[in-house]
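> Could you have a look at this structure, given as structure tokens, before my questions?
The values are calculated or read from the model by the stated rules, or taken from the named source; none is laboratory data. Note that the structure is predicted; figures quoted are calculated from it, not measured. Neighbour counts run over all protein chains shown; Cβ positions are idealised from the backbone, glycine included. All accessible areas refer to the heavy atoms of the entire protein, side chains included, with ligands and DNA or RNA removed. Shrake-Rupley method; radii C 1.70, N 1.55, O 1.52, S 1.80 Å.
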Amino acid sequence: MFTKIAITKAGETGLNITEYDIMQTTPLKDVISSGFPVLYDKMPLINVLEIFRDNDQLNYPVVDHENQFSGIITVDSIRQVFMETEAMSFLMAHDLMESLLISISPEESMAEVQELLEKYGVECLPVEKNNKLIGFIEKRDLKKFISTKMIILEEERARLENVQMKRGEIC
């Protein structure tokens with residue numbers, strides 16, 4: 001107990017935080033993409049391609065008319081379409097999508113998301129609440145968030161160390 005008080009008084013709390021600590025303590029709702037483009041299962045291919053052209057995501061969720069998650073369309077699935085050019089004008093989003101049998105709640109930790117991404121070998125997960133798609137998380141979003149958080153923590157650690165040096169608390 002005295003160690004905890006001493007660390008707190010010295011301003012050194014939170015300075016030895018790892019990426020795993022961040023993932024364990026950060027709820028997914030703080031990281032998920034919202035306001036992302038959604039593809040509808042009956043959307044024609046030309047509209048799907050316009051969304052891919054106009055946005056930088058690599059994966060897009062596909063929903064039905066009730067906004068329930070149906071699957072994803074990836075850059076790779078679009079690439080595959082161009083190899084089979086004969087039926088392109090007749091294709092719709094549901095013809096291109098890959099089904100994902102998993103989704104995640106916004107209350108889950110980032111560690112749980114990382115575990116599911118690795119377990120199922122996927123690059124993204126839909127975030128659902130009450131069976132409705134409310135967000136989308138890509139592996140690269142997780143990495144970017146963690147890297148940014150680690151940089152912020154390192155800057156704070158350096159700032160505190162500098163303050164302590166000026167006070168003569170660190171030799």
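> Give the calculated FRET efficiency between GLN68 and ARG167 to the nearest 0.05, with a Förster radius of 41 Å applied to their Cβ-Cβ distance.
With a Förster radius of 41 Å, E is 0.10.
> Further question: May I ask you to derive the relative contact order of the stretch 124-171, considering only C-alpha pairs under 8 Å and at least 6 residues apart, and to give it as an integer percent?
That works out to 20 percent.
> Let me ask you something else. So which aspartates and glutamates can LYS42 reach, going by Cα to Cα under 17 Å and dropping same-chain residues fewer than 8 places off?
GLU50, ASP64, GLU66, ASP95, GLU98
> Using θ = phi - 60° and the Karplus form 6.51 cos²θ - 1.76 cosθ + 1.60, what ³J(HN,Hα) does each residue of the stretch 70-78 get, whole Hz, x for Gly and Pro?
10, x, 10, 10, 10, 4, 5, 5, 5
> Using a Cα-Cα cut-off of under 19 Å, which aspartates and glutamates could be cross-linked to LYS144, ignoring same-chain neighbours fewer than 8 residues away?
Hits, sequence-local ones excluded: GLU19, ASP21, ASP30, ASP56, GLU108, GLU112, GLU115, GLU118, GLU123, GLU154, GLU155, GLU156.
> Looking at the chain only, what percent of DSSP beta bridges run antiparallel? Nearest 5 please.
The antiparallel proportion sits near 85 percent.
> For the stretch 120-171, which whole-number percentage of the solvent-accessible area (1.4 Å probe, protein heavy atoms only) is attributable to carbon and sulfur atoms?
That share works out to 53 percent.
> I'm spelling it out carefully: the read-out is mean projected area of the Cα convex hull in nm², the candidates are (i) 11.8; (ii) 10.8; (iii) 13.6, and one was derived from this structure. Which label?
Identified label for the calculated read-out: (iii).
> Going 7 Å from the Cα of LYS29 along its beta-carbon direction, which residues of the stretch 52-68 have the amide nitrogen within less than 20 Å of the resulting point?
Backbone N within reach: none found.
> Can you give me the Cα centroid spacing of the stretch 21-66 and the stretch 99-135 in angstrom?
About 12 Å separates the Cα centre of the stretch 21-66 from the one of the stretch 99-135.
> Run the numbers on the stretch 38-171 and let me know its relative contact order in percent, using alpha-carbon pairs under 8 Å that are six or more apart.
Relative contact order comes out at 20 percent.
> Mind checking which lysines have their Cα closer than 16 Å to the Cα of LYS119? Skip sequence neighbours fewer than 8 apart in that chain.
LYS139
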